[in-house]
Every structure is written in C-alpha cells, then in structure tokens.
1. Have a look at 8, 25 and point out the one that is touching a Leu at 6+ places or on another chain (Cβ under 7 Å) and open to solvent by less than 100 Å² (accessible area, probe 1.4 Å).
2. Checking residue 51 against (1) in a helix (DSSP H, G or I); (2) loosely packed, with under 10 Cβ neighbours inside 10 Å, which test does it fail?
3. Look at residue 43 and say whether it is surrounded by fewer than 10 Cβ atoms within 10 Å (Cβ to Cβ), of a type in the set (A, V, I, L, M, F, W, C) and either more than 12 Å from the chain's Cα centre (by Cα) or not in a helix (DSSP H, G or I) (or both).
Amino acid sequence: MTQIVMWVFFIGPWLLLFAVDKERVKRYMAVSLFGMVLLTMVFQIAHRFNW
C-alpha cells in the first residue's frame, strides 16, 4: 500500500499538468525549476558539511 501511495504522489502532479492552462504552466515552470536547483544545492551543501 505504501508503494502505491508513493507512486501516486510521484505521478499524480505530472498528470495534472495536462488539465491546467498552458499559459499558467509556462508561468510557473521557470520558478519550479529554479526552486528545484536551489534546493538541490542547499541539500548538497548540507550533506557536505553534515548539517
């Protein structure tokens, strides 16, 4: 059951992109990619310095 819930949380948001207006997706995709890169950098720094 846990595995199914994890897959739904992983795939569900991607399926919702088809239901949303394309202009709205374009507007927020850049921000989401920037946030993803920023969080990846923070987690890498935290891992390196054992925060």
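The values are calculated or read from the model by the stated rules, or taken from the named source; none is laboratory data. Since the model is a prediction, treat every value here as computed from it, not as a measurement. Cβ placement follows ideal geometry from the backbone for every residue including glycine, while neighbour counts extend to all protein chains displayed. Heavy atoms of the whole protein, side chains included, go into the accessibility calculation; ligands, DNA and RNA do not. Shrake-Rupley method; radii C 1.70, N 1.55, O 1.52, S 1.80 Å.
1. Working: 8 fails: touching a Leu at 6+ places or on another chain (Cβ under 7 Å).
Being touching a Leu at 6+ places or on another chain (Cβ under 7 Å) and open to solvent by less than 100 Å² (accessible area, probe 1.4 Å) holds for just one of 8, 25, which is 25.
2. (1)
3. Values: surrounded by fewer than 10 Cβ atoms within 10 Å (Cβ to Cβ): no; of a type in the set (A, V, I, L, M, F, W, C): yes; either more than 12 Å from the chain's Cα centre (by Cα) or not in a helix (DSSP H, G or I) (or both): yes.
Spelling it out, it is not the case that residue 43 is surrounded by fewer than 10 Cβ atoms within 10 Å (Cβ to Cβ), of a type in the set (A, V, I, L, M, F, W, C) and either more than 12 Å from the chain's Cα centre (by Cα) or not in a helix (DSSP H, G or I) (or both).
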